[in-house]
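The values are calculated or read from the model by the stated rules, or taken from the named source; none is laboratory data. These numbers were taken from a predicted model, which means no experiment stands behind them. Here the Cβ positions follow ideal geometry from the backbone for every residue, glycine too, while neighbour counts run over all protein chains shown. These accessible areas exclude ligands, DNA and RNA; they are computed on the full protein's heavy atoms, side chains included. Shrake-Rupley method; radii C 1.70, N 1.55, O 1.52, S 1.80 Å.
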Amino acid sequence: MLSKKYRLTKREDFYSVYKKGFCIEEDALLIKYLKSEQPLSRIGFSVSKHFSKKAVSRNRTKRVLQEVCRFYLPSLKNGFDIVITPRPNQERIEFNKTKDILNNIFIKANLFK
């Protein structure tokens with residue numbers, strides 16, 4: 001699980017990323033990111049009921065996404081707010097596939113150091 005200092009938690013932060021942020025979508029994931037004044041990059045996850053009606057599936061998806069992001073966190077640039085949203089077309093998210101997709105998205109968004 002991501003440490004609290006690396007997580008987006010406030011509703012206002014999510015809204016600002018949604019309204020002003022840049023969007024990149026690939027395969028089953030969509031990320032929105034925005035430059036912030038924070039010294040560290042923070043990541044938030046938005047898994048809605050459109051993804052799955054089952055809370056177990058949504059929570060598992062969040063856990064997989066958190067572990068993948070924890071893997072990439074040391075190599076991300078500082079000062080970004082990132083919101084990751086899985087697309088509803090794929091209910092089951094696998095770790096290795098998600099890792100590859102996020103790697104491609106972070107490269108396209110130029111978020112690596």
For this session: State which residue is most open to solvent (accessible area, probe 1.4 Å) when the search covers only the range 10-64 and only residues that are in a helix (DSSP H, G or I) and of a type in the set (D, E).
Result: E12
Seminar exercise, completed: How many residues of the range 88-113 are of a type outside the set (F, W, Y), surrounded by fewer than 14 Cβ atoms within 10 Å (Cβ to Cβ) and outside any helix (DSSP H, G or I)? The answer is 6
Exercise. Quick one: would you say K99 is within 13 Å of the chain's Cα centre (by Cα) and without any contact (Cβ under 8 Å) to a residue 40 or more places away in the chain?
Worked result: yes
Exercise. Considering Y72, Y6, which residue is open to solvent by less than 90 Å² (accessible area, probe 1.4 Å), closer than 14 Å to L111 by Cα and among the aromatic types (F, W, Y)?
Worked result: Y72
Problem set entry | Scope the range 65-87; condition part of a helix (DSSP H, G or I) and among the small types (G, A, S); matching residues | S75
Exercise. Among N78, N110, N59, which is polar (S, T, N, Q) and at pLDDT below 95?
Worked result: N59
